[in-house]
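Before any comments, here is the structure.
The values are calculated or read from the model by the stated rules, or taken from the named source; none is laboratory data. Since we're looking at a predicted model, the values are computed, not measured. In this analysis, Cβ positions are derived from the backbone assuming ideal geometry, glycine residues included, and neighbour counts consider all displayed protein chains.
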Amino acid sequence: MADPQQPPFQPLQTPVVLIAFRRPDVTQRNLDVLRRVQPEQLFIVADGPRPGRPDEAEKCAEVRALIDQIDWPVKVERKFAERNLGLEANVELGLDWVFSQVDRAIVLEDDCIPDPSFFRYADELLTRYADEKRVWQIGGDTHLVPKEMFHGHSYGFSTWASVWGWATWADRWHDHRSEFNRDHAGAEDRVDQTPRTADAQRTHVAVPHPDALVTEAARKHFTFVSTEPDGDRYGWDHHWWVTIMSRQGLSIMPCVNLVEHDGYGEGATHTRAAKDPVPADALEFPLQHPPTVELNEDAERELELVLLRTDGRLSRLARKLIRPLWMRAMVRRVLEVPIVWRVVRRLVGQ
């Protein structure tokens with residue numbers, strides 16, 4: 001990541017959303033980057049502590065104290081939950097709140113630490129594709145899709161893209177929520193520590209369009225997600241992607257990794273694996289735009305296989321069977337051996 005001592009960029013006019021919970025260390029890292037780009041409007045969506053967890057209450061208070069210390073000229077909007085909503089409710093209700101006020105935004109969870117160039121990239125593409133309704137999301141993480149798959153362009157079009165640093169428009173979010181409209185009623189009123197997330201019900205059946213995905217394994221995966229009512233089984237991001245897929249929409253993914261996901265380990269909600277984060281890189285400008293808005297099948301295929309390796313039904317079963325994080329790390333290292341990964345790719349998606 002670039003030197004934090006460099007002078008700040010031109011203030012950023014696009015609103016930024018920071019979704020936080022109980023991790024003051026990564027929240028501070030995020031604020032250090034935001035201080036450099038100086039967004040003029042910052043939305044903070046902070047979940048509350050779970051009942052009976054005084055240690056968590058203290059950490060949540062530390063996070064909120066950091067927000068009070070913001071020292072650049074910025075309009076800070078706060079949505080602080082008094083009690084714990086849970087990840088799904090905090091994100092969905094938080095983004096509903098944000099997009100009731102602004103027409104576009106850059107979204108970061110607290111453990112997604114961007115390179116400053118991520119903001120210029122997202123800001124430019126939010127403007128360029130605002131009226132291109134096929135484009136739903138601008139992602140910042142590549143999940144290590146090789147740069148050569150972008151054919152010399154600064155970014156490419158995939159069906160789904162990571163939400164580890166992303167951006168979208170209010171009309172796309174509202175369109176998604178009109179059919180995936182769980183309201184998480186009563187989430188803040190619960191008294192137990194491990195509540196069940198609201199059901200993942202849609203107003204109508206929405207399965208991936210036949211042309212949205214390029215591997216049969218991904219079609220099966222997301223078709224299953226689209227009809228799975230258990231809200232705890234797949235996160236809000238999967239359901240967002242299903243909406244995009246059902247509309248034959250597109251996402252944007254950069255040719256280099258612009259966001260470091262520092263959310264691995266025991267303190268994480270979902271990504272508990274013992275894994276080192278991939279550092280964020282800077283993107284070169286001016287951007288080299290693809291000549292047409294169409295799916296990059298090479299990048300999409302690789303991205304689908306990465307998702308299935310980390311979040312498919314077989315990988316979820318493996319996580320249930322293999323509990324120690326060190327053992328999961330050992331299995332992952334085996335899978336990442338090139339010859340082993342080539343065999344796995346053929347088995348799951350080619």
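Collect the residues in region 206-244 that are of a type in the set (Val, Ile, Thr), closer than 18 Å to ARG172 by Cα and not in a helix (DSSP H, G or I), keeping them in residue-number order. Correct list: VAL207 only.
Could you list all residues from region 162-199 that are hydrophobic (A, V, I, L, M, F, W, C) and at pLDDT 95 or above?
VAL163, TRP164, TRP166, ALA167, TRP169, ALA170, TRP173, PHE180
Residues in region 134-171 that are charged (D, E, K, R) and either closer than 19 Å to LEU12 by Cβ or touching a Leu at 6+ places or on another chain (Cβ under 8 Å) (or both): ARG134, ASP141. Quick check: anything in region 197-218 surrounded by fewer than 22 Cβ atoms within 10 Å (Cβ to Cβ), more than 16 Å from GLU300 (Cα to Cα) and touching a residue at least 60 places away in the same chain (Cβ under 8 Å)? Yes, region 197-218 contains a residue that is surrounded by fewer than 22 Cβ atoms within 10 Å (Cβ to Cβ), more than 16 Å from GLU300 (Cα to Cα) and touching a residue at least 60 places away in the same chain (Cβ under 8 Å). The set of residues in region 147-188 being assigned to a strand (DSSP E or B) and free of Cβ contacts under 8 Å to residues at least 40 places away in the same chain is empty.
For region 24-42, the criterion of being at pLDDT 95 or above, crowded, with 22+ Cβ neighbours inside 10 Å and of a type in the set (D, E, K, R) is satisfied by no residue at all.
Only a single criterion out of (1) outside any loop (DSSP other than H, G, I, E, B); (2) more than 18 Å from the chain's Cα centre (by Cα); (3) among the acidic types (Asp, Glu) is not satisfied by ASP123, namely (2).
The residues in region 77-114 that are more than 21 Å from TRP240 (Cβ to Cβ), surrounded by 23 or more Cβ atoms within 10 Å (Cβ to Cβ) and not polar (S, T, N, Q) can be counted, and the count is 1.
The residues of region 57-86 that are closer than 15 Å to PRO39 by Cα and of a type in the set (Phe, Trp, Tyr) amount to a single one, TRP72.
Contact annotation: residue pairs with Cβ atoms under 9 Å, 6 or more positions apart or on different chains, pairing a residue in region 281-301 that is under 15 Å from PRO116 (Cα atoms) and of a type in the set (Asp, Glu) with a partner that is in a loop (DSSP other than H, G, I, E, B) and modelled with pLDDT of 95 or more, are ASP281/ASP115; ASP281/VAL256; ASP281/ASN257; ASP281/LEU258; GLU284/SER154; GLU284/VAL256.
Mind checking which strands (runs of 3 or more DSSP E) fall wholly inside region 49-117 and carry at least 1 residues that are more than 19 Å from LEU31 (Cα to Cα)? It would help to see each step written out before you state the result.
Values: elements: 75-80, 104-109, 112-114.
Strands (runs of 3 or more DSSP E) meeting the threshold: 104-109.
Scanning for something in a loop (DSSP other than H, G, I, E, B), surrounded by fewer than 23 Cβ atoms within 10 Å (Cβ to Cβ) and among the polar types (S, T, N, Q), does region 126-135 turn up at least one residue? No; the residues of region 126-135 include none that is in a loop (DSSP other than H, G, I, E, B), surrounded by fewer than 23 Cβ atoms within 10 Å (Cβ to Cβ) and among the polar types (S, T, N, Q). On the stretch given as region 138-156, residues that are of a type in the set (Phe, Trp, Tyr) and crowded, with 24+ Cβ neighbours inside 10 Å total 1.
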